[in-house]
Structures are given as structure tokens and as C-alpha cells.
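Before any comments, here is the structure.
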Amino acid sequence: MNREDLRDRLAFYRDLGVKEVFRRGAAIEQTEARPQEAAAISIPPIAPSGDTLLKIIEDLGECRRCRLSERRSKIVFGSGNENARLVFVGEGPGADEDEQGLPFVGRAGQLLTQMIDNTAAKEGIPIRRADVYICNVVKCRPPENRTPLPEEMEICGEFLFRQLLAIRPKAICALGSTAAKALLNTKDGVTRLRGRWHKWRDLPVMVTYHPSYLLRPYNQDAKREAWEDLKKVLHFVYD
Ligand code: URA
């Protein structure tokens, strides 16, 4: 492995939340060659080169890597344009998504669709929801829609990161604090992070409010701000 590959691989591990890598023998090579053993010591597998969404779905399989799998109906991998220039990342499936196996199809999803379609139309940008890609940090519904636990985010994060690397959009829009945490490794809340550009690896990330938050009746200011954020993202990506 050359220096560049090694740097990339270490960056990938860092993004997955792996804090320390020990250089003992050929440990890294072993991880690649013997994924079963790697899983046993909980070092996540790396993104294979030439990775595709199809390959990632295959690797995810009938996932039982964490407890979220126990009560899910369907895995919600993601939907939309596989060559999208823009990817939205939410938190995790709700009841409707769990039933249908598709992200953002419930009330929050309907709002997200309206936000994308209407903002794009108003701004003269010829895209609709089907032109972007939408996925979540965790692919199985957390019971009672609770926030995913750090270990659940870490395990599923491997697949999210592979999705992002396979699509390589021009920008990512993180919806809410769970997505922001997963991508930016920060404890800051959405109010502090929103409205400006951050980076996940080399990809620009805009943080904005989660549509579920915007559905609450008293969040008028947040609604206005979310629309501003989305306008910024759409112009950056499609102008
Ligand atoms: N909320 C999310 O974060 N994701 C979905 O897919 C639906 C609701």
C-alpha cells in the first residue's frame, strides 16, 4: 500500500470514529483480507475501490450488526438518483419508512419533498426530489423513534460513508443534529452549525433543521432559516 492509500484509509477510519490504529504486524492488510475476523475485533471494513450502491446493499444484507435490527420491518437504505449532485442525510427511518423500506415518505418526508420541489421551482432550478439522493445515518428504525445510540451510528455510519463515497455528490445536506454529528463529529447543535459550509472529507456539508422539527407549530423562524439554507445549497450545487 502506498502512502496516499494509507493516508486515505486512515482518514476513512477517522471518519468512522476509530480513534487509534495500532501498527502491529500486518494488521491493516489482515483487516482487508479477513473481514470476518475484522468484524470480531470491531474494526470496520474499508470501502472497496470501485464501490457502488449495489455492492453496499449486498454487503449490508439482512443486517444484524446492531440491536436496531431486532425490531425493524424493512431496512431503509436510501432512494433517489445514484448519480445525484446533492445528497440529503437524515437521522433514521420512522414508522412509515420502516413499513415501506424507503426514506422520508411520512409527514417529515412530505415536507422535505415540498421544500426541495418548491424551492427549486421558485429559484428557477430544474430539479425535483427524484434528482437528489436521500438516505439516513441509521438504516433501521430506532424503537419509538428514539435518537440512535453512538454505537448504532458508528456501525451504520460505515454504510452511510460508503454511500457518500460511491455517489460523490457536489454537496451534502445534513438534516438535523444526528446527521450533523455523524458527518462532522461535533457536539454543536443545529442552531450553531446551520447556514454555513462545513466539510466531510473533501465534500461540502450544509447543516439545516430536520423536517420533523419544522413540523412543530412554533418553529416559524427555523422554517424561514431552513428555506434559506436550502436555497444556498441548491444554488451552490446547480448554478
Ligand atoms: N426522519 C428521518 O430522519 N429519516 C427518515 O427517513 C424519515 C424521518
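The values are calculated or read from the model by the stated rules, or taken from the named source; none is laboratory data. Note that the coordinates shown come from a computational prediction; the quantities given were computed from them, not determined experimentally. Because the Cβ atoms are built from the backbone with ideal geometry, glycine has one as well, and the counts that use them run over all protein chains shown.
Restricting the first member to the range 92-106 and to residues that are hydrophobic (A, V, I, L, M, F, W, C), and the second to residues that are in a helix (DSSP H, G or I) and near the ligand (Cβ under 7 Å from one of its atoms), the beta-carbon pairs closer than 6 Å and six or more apart or on different chains are Val105/Glu97.
Of everything listed in (1) among the β-branched types (Val, Ile, Thr); (2) away from the ligand (no atom under 16 Å from the Cβ); (3) not in a loop (DSSP other than H, G, I, E, B), the single unmet condition for Val87 is (2). Taken over the range 68-106, the residue count meeting the criterion of being surrounded by 16 or more Cβ atoms within 10 Å (Cβ to Cβ), over 26 Å from Lys55 (Cβ atoms) and either touching a helix residue (DSSP H, G or I) at 6+ places or on another chain (Cβ under 7 Å) or at pLDDT below 95 (or both) is 2. Just one of the listed residues (Ile155, Ile116, Ile167) is within 26 Å of Cys63 (Cα to Cα) and touching a Lys or Arg at 6+ places or on another chain (Cβ under 8 Å), namely Ile155.
Of all residues in the range 92-106, exactly one satisfies the criterion of being in a helix (DSSP H, G or I) and within 6 Å of the ligand (Cβ to nearest atom), namely Glu97. Residues in the range 135-152: is at least one surrounded by 17 or more Cβ atoms within 10 Å (Cβ to Cβ), away from the ligand (no atom under 14 Å from the Cβ) and either within 24 Å of Leu60 (Cβ to Cβ) or among the β-branched types (Val, Ile, Thr) (or both)? No, the range 135-152 has no match at all.
For the structure I just gave you, tell me whether Gly109 is crowded, with 19+ Cβ neighbours inside 10 Å, within 24 Å of Val233 (Cβ to Cβ), modelled with pLDDT of 95 or more and within 10 Å of the ligand (Cβ to nearest atom). In short, yes. Residues being modelled with pLDDT under 95 and of a type in the set (S, T, N, Q) are represented in the range 211-225 by at least one member. Suppose the filter is more than 30 Å from Gly61 (Cβ to Cβ), more than 13 Å from the ligand (Cβ to nearest atom), under 18 Å from the mean Cα position of the chain (by Cα) and at pLDDT 95 or above; does Ile125 pass it? Judged against the criteria, Ile125 is not a match.
Of all residues in the range 113-152, those that are over 20 Å from Trp200 (Cα atoms) and part of a strand (DSSP E or B) total 0.
I'd like to check something: does the range 61-78 contain any residue that is in the same structural domain as Ala130 (by TED's automatic domain parsing), within 16 Å of the ligand (Cβ to nearest atom), polar (S, T, N, Q) and over 12 Å from Arg141 (Cβ atoms)? The answer is no, given that none of the residues of the range 61-78 is in the same structural domain as Ala130 (by TED's automatic domain parsing), within 16 Å of the ligand (Cβ to nearest atom), polar (S, T, N, Q) and over 12 Å from Arg141 (Cβ atoms).
A quick yes/no check of all residues on (1) in a loop (DSSP other than H, G, I, E, B); (2) within 12 Å of the chain's Cα centre (by Cα); (3) not assigned by TED's automatic domain parsing to the domain that holds Val89:
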| position | (1), (2), (3) |
| --- | --- |
| Glu154 | no, yes, no |
| Leu164 | no, yes, no |
| Ala174 | no, yes, no |
| Asp188 | yes, no, no |
| Lys199 | no, no, no |
| Val205 | no, yes, no |
| Tyr213 | no, no, no |
| Arg216 | yes, no, no |
| Asp221 | no, no, no |
